[in-house]
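A.B. asks: Structure provided below as structure tokens; questions to follow.
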Amino acid sequence: MKLAVNWFRFIATLAILSPLVACSVSQAGNVEFFGKTEPPKGRILRYTSGAEPGSIDPHIPTNQLEHRIIMALFEGLVEYHPKTMKPIPAIAERWEANKDHSEFVFHLRRNARWSDNDPITADDFVYSFRRAISPQLAARNASFAYYIKYAQSYNEGGVFVRDPATGEFLLEEDFSLDSAKTVAKTEAPVQHKQSDTPSIALPSEASSPSAHCGLQQPRPALYDAENAIAIDTSFHRFIRSPTRFVLPGAEQARAKALESNPGLKAALSGKELVPVKAEDIGVEAVDEYTLRITLTQTAPFFIEMLPLHLFRVVPRKAIEKHGAAWTQPGKIVSCGPFKLQTWKPYNELTVVRDPLYWDAAIVKLDQISFFPLEENMTIMNLYKAGELDAVYNHTVPYGWIDQIRTLKDYMDAPEAAIAYYWINTTKPPMTDKRVRKAFNMAIDKDALAALRRTSKPLTAFTPEGIFPGYPQPKGDKFDPKRASHLLADAGYRDNEGNFDPEKFPTDQVELTYNTNPNNRVIAEFLQAQWKQNLQITVTIKNMENSTFDALRNRLDYKGFARGSYGADYMDPFTFLTLFHTPNNGSGTGWTDPKYDQIIDEANRTLDPRRRYELLAEAEAYLIEEQPMLPLQSERTNWMKKPYVKGLYPTLGAMHAWKFVYIEHDPAKWDRGMPQMTE
């Protein structure tokens, strides 16, 4: 079904103005479902995905709304389970890990094909991983791949250090950039001989792709699948050898590193710099249908990360032919259960079933129409009128919750997601931890939960009750009196030493959020709390989403900027990594070596219980430093028609569309929450 933009606006306006439509929610308790329940003719799903997608290139976006669309069009080695979100086989039909989970081998299915009927091979994944973390692409999610050996070095433009006389490389174990006090070892370092390293490291041969990884060389036709990890190749000998030392590629950053480390500076005398190449990262096509990934460290959770869109395979031929336009209709080549049919910006994006998909027999929908809508009242009234079959999470307005939650098409389940505000710790007065903690203590989060009706108060940074066995720490409770004392201690006091709101620089603090009615409600609540509990008036600013994201990422805001985060994989680290220095995407400017060290130790720990204890220790330290204001643990808060089956309220709000279908027999409809056990 196609809905024109003007028609959408007409319906939206009618819904807001008409008491019969917009206000009939008050009568919801008298019916079983909210609005019409007539299934669409045929096997079509009409879904609102949120705002207009900025890109459906799997390596570009960072938002849930784009990820959901990408899941219909592209697949990776593994996919999310439709209920648990645990990784299940996709293009990889099986996989193995070595004993410490620092290396994985994936066996690709032979019947996986692109939408143009070309086979999908291990080379496609090698290309895709290299592209995803390439400095030229500058993907904001590239840090998810930093566990792959040399991925971070390549993404950040690092350089190896080589002795031109011997062809040997300096090794990481002998040098460090972590501290100005660390110097090179006095004894002769163990160096990596040229005879043990692929020839790609030599600048004179770097232009030859066939010289590395064996990608264009004969590969073994037969091998022992159970021992695939140990298959010997020149690349494997290179990637499993001692890690090479890497310096910053940028001259200014490199000079700074050398000045702080006299021993290293001396060791580099007479050496040459070799750029880290795409061919150096730990991803190898062992043969046409076997992919091996080597990591920098133990990471049992790495498999959990692989359904992320960053790791989904993309078509090299289409990208090289069309450039940035490769995702447009008529040019795109995909590999998921659906392929792109039409994309009318700010109107509709339609995907249709791909008969070439390897698991096409299980796909029951012929078409999904994704409609870009953000205004919750509009979404809910279109759903009520029967023009939408399902809506995305957090769409039911707060004022409607008490009536809607009694209906049998309301999806109310725990979600691995949190609501919070970032704090710009690089600009006064928020450079002072006491000020950050004071603003946090001055928020009554129980009252906020009562206002929202669908969430739980949060003092930590991981959501409540999502990760079984995780000893989540607790942060500061609501304490306005203590908050005032902290502000007084920070210097904002009168002659008697009491907190004086007049001394506080309110012109240096703002509350910035991206435009959405629900976001505005929370911003106004926080503003009122600080006015009531601290006698400080904080200015509220709102802006369009793309503008807001850019402002927050470059730390171009004062005070506070709205944040929300849903788990990318089912592990506490998916939240804590936002403040981990190598992956820092927090938008706060806060980093801390102590926090990084605890996180790194946790992720090197194989014992799951001990790993959780260390992650909790890191979270406790993060909470104490307070570079953010945690507010709420979220619940799903969305709706689907009873005839929509296979669409589940998952912890991560992601949907494996291949399992979704329309049930035309009312006797088989969902009447209430779907069964969530496997």
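A.B. asks: Does P429 satisfy the condition of being touching a Phe, Trp or Tyr at 6+ places or on another chain (Cβ under 8 Å) and at pLDDT 95 or above? So that I can check it myself, show each step before the final result.
C.D. replies: On the way: touching a Phe, Trp or Tyr at 6+ places or on another chain (Cβ under 8 Å): yes; at pLDDT 95 or above: yes.
So P429 passes the test.
A.B. asks: Criterion first (closer than 22 Å to K41 by Cβ and small (G, A, S)) does S369 satisfy it?
C.D. replies: Considered against the rule, which asks whether it is closer than 22 Å to K41 by Cβ and small (G, A, S), S369 comes out as yes.
A.B. asks: Report the residue count in segment 546-573 for those that are without any contact (Cβ under 8 Å) to a residue 60 or more places away in the chain and crowded, with 20+ Cβ neighbours inside 10 Å.
C.D. replies: The qualifying residues number 1.
A.B. asks: Among the residues of segment 576-595, is any among the charged types (D, E, K, R), buried (at least 21 other Cβ atoms within 10 Å of the Cβ) and assigned by TED's automatic domain parsing to the domain that holds T539?
C.D. replies: Here is the first cut: in segment 576-595, the ones among the charged types (D, E, K, R) are 592, 594.
Retained after the next criterion (residues that are buried (at least 21 other Cβ atoms within 10 Å of the Cβ)): none.
No.
A.B. asks: Okay, next question. Of a type outside the set (D, E), surrounded by 17 or more Cβ atoms within 10 Å (Cβ to Cβ), closer than 24 Å to T395 by Cα and under 28 Å from the mean Cα position of the chain (by Cα) - does that describe any residue in segment 430-441?
C.D. replies: Looking through segment 430-441, none of the residues is of a type outside the set (D, E), surrounded by 17 or more Cβ atoms within 10 Å (Cβ to Cβ), closer than 24 Å to T395 by Cα and under 28 Å from the mean Cα position of the chain (by Cα).
A.B. asks: Mind checking which residues of segment 641-678 are more than 18 Å from E38 (Cα to Cα) and free of Cβ contacts under 8 Å to residues at least 24 places away in the same chain?
C.D. replies: Residues of segment 641-678 more than 18 Å from E38 (Cα to Cα): 648-659, 673-678.
Result: Q675, single match.
A.B. asks: Enumerate the pairs (first residue in segment 494-515 and in a strand (DSSP E or B); second residue anywhere and surrounded by fewer than 12 Cβ atoms within 10 Å (Cβ to Cβ)) with beta-carbon separation below 8 Å, excluding pairs fewer than 6 apart on the same chain, so at least 6 apart or on different chains.
C.D. replies: Between residues of segment 494-515 that are in a strand (DSSP E or B) and residues that are surrounded by fewer than 12 Cβ atoms within 10 Å (Cβ to Cβ), the close pairs are N514/E544.
A.B. asks: Name the single residue that is farthest from the chain's Cα centre (by Cα) among those in segment 545-583 being in a loop (DSSP other than H, G, I, E, B) and within 23 Å of K427 (Cα to Cα).
C.D. replies: Here is the first cut: in segment 545-583, the residues in a loop (DSSP other than H, G, I, E, B) are 554-558, 567-572, 580.
In the following step, the residues that additionally are within 23 Å of K427 (Cα to Cα) were identified as 554-558, 580.
Working: R554: 18, L555: 19, D556: 22, Y557: 22, K558: 25, H580: 14 Å.
Among those residues, the one meeting the criterion is K558.
A.B. asks: Turning to a different aspect of this structure: Considering S102, S134, which residue is at pLDDT below 95 and hydroxyl-bearing (S, T, Y)?
C.D. replies: On the way: S134 fails: at pLDDT below 95.
Of S102, S134, the one residue that is at pLDDT below 95 and hydroxyl-bearing (S, T, Y) is S102.
A.B. asks: In segment 58-102, which residue that is surrounded by 21 or more Cβ atoms within 10 Å (Cβ to Cβ) and among the acidic types (D, E) is farthest from A550 (Cα to Cα)?
C.D. replies: E79
A.B. asks: Between Y420, Y392, which is assigned to a strand (DSSP E or B) and surrounded by fewer than 23 Cβ atoms within 10 Å (Cβ to Cβ)?
C.D. replies: On the way: Y392 fails: assigned to a strand (DSSP E or B).
One residue alone meets the criteria, Y420.
A.B. asks: Limited to segment 322-359, what total is found for residues that are among the hydrophobic types (A, V, I, L, M, F, W, C) and either part of a loop (DSSP other than H, G, I, E, B) or loosely packed, with under 13 Cβ neighbours inside 10 Å (or both)? Before you say what the answer is, go through the steps one by one.
C.D. replies: Initial filter on segment 322-359 (among the hydrophobic types (A, V, I, L, M, F, W, C)): 324-326, 332-333, 335, 338, 340, 343, 349, 351-352, 356, 358.
Going one step further and asking which of them are either part of a loop (DSSP other than H, G, I, E, B) or loosely packed, with under 13 Cβ neighbours inside 10 Å (or both), we end up with 324-325, 332-333, 335, 356, 358.
The number of residues fulfilling the criteria is 7.
A.B. asks: Cβ contacts < 9 Å: first residue at positive phi and at pLDDT 95 or above, restricted to segment 141-158; second residue of a type in the set (A, V, I, L, M) and in a loop (DSSP other than H, G, I, E, B), any location; separation 6+ or different chain. Result?
C.D. replies: Pairs that qualify, where the first residue is at positive phi and at pLDDT 95 or above and the partner is of a type in the set (A, V, I, L, M) and in a loop (DSSP other than H, G, I, E, B), are Y150/V276; Y150/I281; G157/A250; G157/V276.
A.B. asks: Moving on to the next point. Search segment 590-606 for residues that are in contact (Cβ under 8 Å) with a residue 60 or more places away in the chain and pair each with any residue that is part of a loop (DSSP other than H, G, I, E, B) and surrounded by fewer than 16 Cβ atoms within 10 Å (Cβ to Cβ) when their beta-carbon atoms are under 7 Å apart and the residues are at least 6 apart or on different chains.
C.D. replies: N603/Q297; R604/Q297; L606/D100
The values are calculated or read from the model by the stated rules, or taken from the named source; none is laboratory data. Bear in mind that the values here come from a model prediction, so they are computed numbers and not experimental data. No Cβ is skipped: glycine too gets one built from the backbone with ideal geometry, and neighbour counts run over all protein chains shown.
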